Amino acid sequence: MVRARRRVAGLVTTALLAAGLAGAGGVPAAQAAPAEPKSRPSPSRLVKTPTLEARATLSADYQAPGPASGALATPNGAVNGRTGPFPGQVVPGFSGVVANKNGTYWAMPDNGFGTKANSADFLLRVYLVKPSFETSDGGSGAIKVERFISLRDPQKKIRYPIVNGDTKERLLTGADFDIESIVQQPDGTFWVGEEFGPFLLHVDRSGMLLSAPVPFVDGKSPDNPTLAAGETPTIGSSRGFEAMAGSKDGRYLYPILEGAFTADADQRRRVVYEFDTRKARYTKKTWAYETDTDADFVGDAHLVGKNKLVVLERDNFDGPQAVVKRVYTVELNRTENGFARKRLLLDLLKIANPQRIGTKASPGAYGVGSTFSFAFQSTETVVPLSGGRYLFANDNNYPNNSARYPGKPDDTEMIIVGLPKVRTDAPTARLVGHRGASGYRPEHTLASYELAIQQCADYIEPDVVPTKDGKLVARHEPNITETTNVSTHPEFADRKTTKVVDGTSQTGWFTEDFTLAELRTLRAKERLPLVRPGNTAFDGLYPIPTLDEVFDLALHSRTCSGKPVGVAPETKHPTYFASIGLPTDAKVVAELKAHGWTKKSSPVVIQSFETGNLKALAKKTKVPLIQLVDCSGAPYDLKAAGRTTTYADLVTPQGLKGIKRYADQVALCKDVMIPRDADGRLLAPTPVIRDAHRAGLTITGWTFRRENQFLPLQFRSSTVPAEVGDLNGEIETFLDAGMDNFFTDNPDIGQEART
């Protein structure tokens with residue numbers, strides 16, 4: 001029953017036609033037997049593919065010589081089975097790395113255990129390490145710590161109190177500075193960026209401070225030791241110089257704020273500064289970098305050309321919860337919407353591993369397999385190497401992070417990733433991630449959209465609704481009761497109300513009653529918890545994304561076949577929102593224009609179940625439009641106007657010709673293409689596919705889901721509704737019947753079906 005596949009399209013349909021069975025929903029059945037199942041050869045193209053070339057690890061429990069550390073690291077008891085204090089100096093991963101020419105690296109941990117309060121016994125050091133990388137040719141995969149230099153201030157350049165201020169060496173600790181980024185100068189000295197000030201520190205090759213810490217030109221953090229009583233910090237804690245690039249000649253540094261200024265209205269803005277090392281002062285040059293979402297951090301950066309950076313951007317999640325561990329190329333001399341232009345270089349959550357590097361050393365570890373994922377919370381190091389390769393390292397926040405093995409502290413890892421060109425399938429059938437990869441993550445979250453892209457979706461689909469202040473966000477419906485945790489927020493209890501949307505009474509909380517700022521305090525949850533209980537593990541993690549964020553994610557991404565990722569925004573309930581003074585169509589067009597999507601060839605399609613707004617949009621934009629057609633009922637705008645036209649009328653030959661006058665495509669409910677009988681078996685394909693093609697319309701089918709309750713009887717695996725059936729076979733059947741493109745909650749299965 002499960003692997004029926006293509007034979008259903010030919011054999012079952014022919015038999016049903018011979019019996020004279022008609023289609024459902026008033027749509028006539030086909031009058032002739034279909035052709036044999038189609039062969040769908042997939043063209044291919046060469047695509048730069050992030051590929052793991054080498055990996056080495058240092059045990060999370062490794063401790064360097066020195067006094068005990070971490071006395072205050074675990075105040076509430078054991079964390080991942082570890083309890084401080086630890087007998088030596090912990091090495092909690094690396095926040096900054098410098099590559100030497102002899103196969104060694106200077107590797108710098110941060111301040112130790114995360115705060116001033118718990119890191120006074122952690123000594124600031126830079127370790128010289130030599131990895132014996134595991135590669136396809138062998139290698140132990142171990143990182144050897146050869147020696148270290150200690151950051152210290154024996155010449156008393158620091159004018160405020162430090163932990164070891166009364167000692168001769170004045171060794172610096174994690175309560176003095178939170179060191180995060182490092183750049184080596186041509187003369188062998190180091191510049192270090194830190195976050196408590198934030199300050200810039202200049203030390204010699206032995207770690208001795210050469211001059212007073214350079215204060216930040218635009219304010220202070222709450223942890224700045226010189227912050228006066230009543231003085232307002234301009235940046236948040238731990239939002240200083242996590243990243244810092246340097247010019248090849250050593251003249252300039254480019255420190256980047258990890259987070260936004262606290263008073264900045266745009267919390268996605270991160271500022272890149274220029275510092276003149278000869279004059280020991282900041283220049284007046286700055287650039288703005290935009291993160292994928294306001295909660296993301298800039299983890300590291302390197303200058304790779306006169307005006308080009310590689311920037312590592314990350315979120316604060318790890319393991320399967322991680323969404324953003326990305327490396328972008330950033331052009332400082334080009335802007336998009338006021339920000340330096342950025343494009344995806346590689347996604348650390350999806351690295352090809354054809355040689356299965358690390359699988360024997362880390363059996364069963366998350367992210368270690370034929371696809372490798374560097375899904376650590378604090379992925380904070382990128383180093384360009386020769387041959388277009390990049391080295392990455394993690395800060396493991398010992399003993400807190402456990403991305404690889406839950407309950408066990410993460411090791412420190414160093415990996416090398418190359419970008420070889422690999423011949424990759426480029427299927428002709430367009431795969432649209434329905435609300436992202438909503439079969440695996442709560443729908444309409446950046447996590448869902450990002451996973452859809454990783455699973456080879458060509459387009460991602462945000463449903464568009466407005467907020468009280470007219471901002472556009474991605475939600476399936478204006479009623480957010482079932483898709484967010486709004487009911488758990490007592491401050492919004494009085495917003496619960498009853499409304500009539502498209503003629504149907506609904507009770508709950510509605511986006512149009514919240515400002516964007518209020519909505520951003522909510523978190524998404526799984527809409528179908530009984531069907532997809534695994535998705536509930538991600539409840540409460542992700543905010544409601546703006547349409548701008550979804551568009552930016554697509555703009556900055558590439559499909560598995562190396563093409564730009566497209567977007568398929570659906571304007572939800574346009575008649576309803578216009579009636580309450582919150583029309584969305586013009587704003588959607590404005591957002592598209594802001595992202596450079598104004599042409600027929602742009603990777604975008606606008607969808608609607610209504611007709612009037614699509615006809616109006618056809619006069620406002622050149623981008624393709626899709627008329628959505630439901631299994632039954634009628635477009636609400638026509639119903640509200642007293643017209644009797646139904647969706648069944650729209651898919652007659654005459655109706656389809658009418659659609660072609662304003663739209664480029666039709667997106668058909670599956671039953672309009674191939675209906676089912678009372679038991680759920682597929683019947684014969686209807687003439688609608690043929691008639692739509694004759695009218696010059698491209699056909700997209702919706703929505704393909706893997707659970708039995710959504711599948712035709714022939715493709716169910718059992719009688720249990722939530723169990724997984726043969727979605728692959730169902731999609732193949734519809735493609736063989738003539739469907740061109742499709743929406744699916746499960747892009748990974750869709751990718752298999754179309755190739």
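Worth a mention:
- Residue in the stretch 593-610 that is in a strand (DSSP E or B), closer than 14 Å to E570 by Cα and among the polar types (S, T, N, Q) present: yes
- Checklist (1) aliphatic (A, V, I, L, M); (2) surrounded by fewer than 15 Cβ atoms within 10 Å (Cβ to Cβ); (3) in contact (Cβ under 8 Å) with a residue 12 or more places away in the chain applied to A524, failing item: (2)
- Candidate set from the stretch 89-127 (those that are part of a loop (DSSP other than H, G, I, E, B) and of a type in the set (G, A, S)); member that is nearest to the chain's Cα centre (by Cα): S95
- A288 being in contact (Cβ under 8 Å) with a residue 12 or more places away in the chain, touching a Gly at 6+ places or on another chain (Cβ under 8 Å) and of a type in the set (A, V, I, L, M, F, W, C): yes
- Every residue from the stretch 242-271 that is crowded, with 18+ Cβ neighbours inside 10 Å, in contact (Cβ under 8 Å) with a residue 40 or more places away in the chain and more than 15 Å from W287 (Cβ to Cβ): E242, G246, E258
- Test: residue in the stretch 686-699 that is under 35 Å from the mean Cα position of the chain (by Cα), surrounded by fewer than 21 Cβ atoms within 10 Å (Cβ to Cβ) and either in contact (Cβ under 8 Å) with a residue 12 or more places away in the chain or farther than 29 Å from A452 by Cβ (or both): yes
- Hey, V272 part of a strand (DSSP E or B), within 28 Å of G246 (Cβ to Cβ), touching a Leu at 6+ places or on another chain (Cβ under 8 Å) and of a type in the set (V, I, T) or not: yes
- Residues being surrounded by 24 or more Cβ atoms within 10 Å (Cβ to Cβ) and under 20 Å from N401 (Cβ atoms) - total across the stretch 109-125: 7
- In the stretch 177-195 there is no residue that is free of Cβ contacts under 8 Å to residues at least 24 places away in the same chain and in contact with a Pro (Cβ under 9 Å, 6 or more places away or on another chain).
- Residue among A393, A375, A365, A361 that alone is touching a Ser or Thr at 6+ places or on another chain (Cβ under 8 Å), assigned to a loop (DSSP other than H, G, I, E, B) and either in the same structural domain as I179 (by TED's automatic domain parsing) or crowded, with 16+ Cβ neighbours inside 10 Å (or both): A361
- Residue in the stretch 73-85 that is assigned by TED's automatic domain parsing to the domain that holds V368, in contact (Cβ under 8 Å) with a residue 24 or more places away in the chain, buried (at least 22 other Cβ atoms within 10 Å of the Cβ) and not β-branched (V, I, T) present: yes
- Qualifying residue in the stretch 324-338 (condition: within 25 Å of D539 (Cβ to Cβ), not assigned by TED's automatic domain parsing to the domain that holds G540 and not charged (D, E, K, R)): yes
Here's the yes/no breakdown for (1) buried (at least 18 other Cβ atoms within 10 Å of the Cβ); (2) of a type in the set (S, T, N, Q); (3) more than 30 Å from S718 (Cβ to Cβ); (4) at pLDDT below 95:
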site	(1), (2), (3), (4)
I626	yes, no, yes, no
S632	no, yes, no, no
D649	no, no, yes, no
Q665	yes, yes, yes, no
V672	yes, no, no, no
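- Candidates in the stretch 275-302 are the residues that are of a type in the set (V, I, T) and assigned to a strand (DSSP E or B); of these, the one that is nearest to the chain's Cα centre (by Cα) is V298.
- Of the residues V432, V501, the single one that is of a type in the set (A, V, I, L, M), surrounded by 20 or more Cβ atoms within 10 Å (Cβ to Cβ) and modelled with pLDDT of 95 or more is V432.
- If you go through the stretch 534-577 and keep only what is assigned to a strand (DSSP E or B) and touching a residue at least 40 places away in the same chain (Cβ under 8 Å), you end up with T546, R558, G566, V567, E570, T571.
- Residue check for A322: surrounded by fewer than 19 Cβ atoms within 10 Å (Cβ to Cβ) and out of contact with any strand residue (DSSP E or B) (no Cβ under 6 Å at 6 or more places or on another chain): no
- Comparison of G81, G20, G26 shows that the only residue that is modelled with pLDDT of 95 or more and on the phi > 0 side of the Ramachandran plot is G81.
- Answer from K157, K130 - the residue that is basic (K, R) and part of a strand (DSSP E or B): K130
- Filter result for T277 (out of contact with any helix residue (DSSP H, G or I) (no Cβ under 9 Å at 6 or more places or on another chain) and either closer than 30 Å to D410 by Cα or surrounded by 17 or more Cβ atoms within 10 Å (Cβ to Cβ) (or both)): yes
- Count of residues meeting criterion [small (G, A, S) and under 25 Å from N316 (Cβ atoms)] in the stretch 521-571: 6
- If you filter the stretch 593-612 down to residues that are in contact with a strand residue (DSSP E or B) (Cβ under 6 Å, 6 or more places away or on another chain) and not hydroxyl-bearing (S, T, Y), you find that the one that is surrounded by the fewest Cβ atoms within 10 Å (Cβ to Cβ) is P603.
- For beta carbons closer than 8 Å, sequence separation of 6+ or different chains, a first residue in the stretch 635-649 that is assigned by TED's automatic domain parsing to the domain that holds S579 and closer than 15 Å to V666 by Cα and a second that is surrounded by 19 or more Cβ atoms within 10 Å (Cβ to Cβ) and of a type in the set (D, E, K, R), the qualifying pairs are P635/E610; Y647/D630.
- Residue in the stretch 131-143 that is loosely packed, with under 15 Cβ neighbours inside 10 Å and under 19 Å from G240 (Cα atoms) present: no
- Residue satisfying all of: in the stretch 209-221; crowded, with 17+ Cβ neighbours inside 10 Å and part of a loop (DSSP other than H, G, I, E, B); nearest to the chain's Cα centre (by Cα) among these: S221
The values are calculated or read from the model by the stated rules, or taken from the named source; none is laboratory data. Predicted, not measured: the structure shown is a model, and the values here were computed from it. Heads up, the Cβs are rebuilt from the backbone with ideal geometry, glycines too, and the neighbour counts pull from every protein chain shown.
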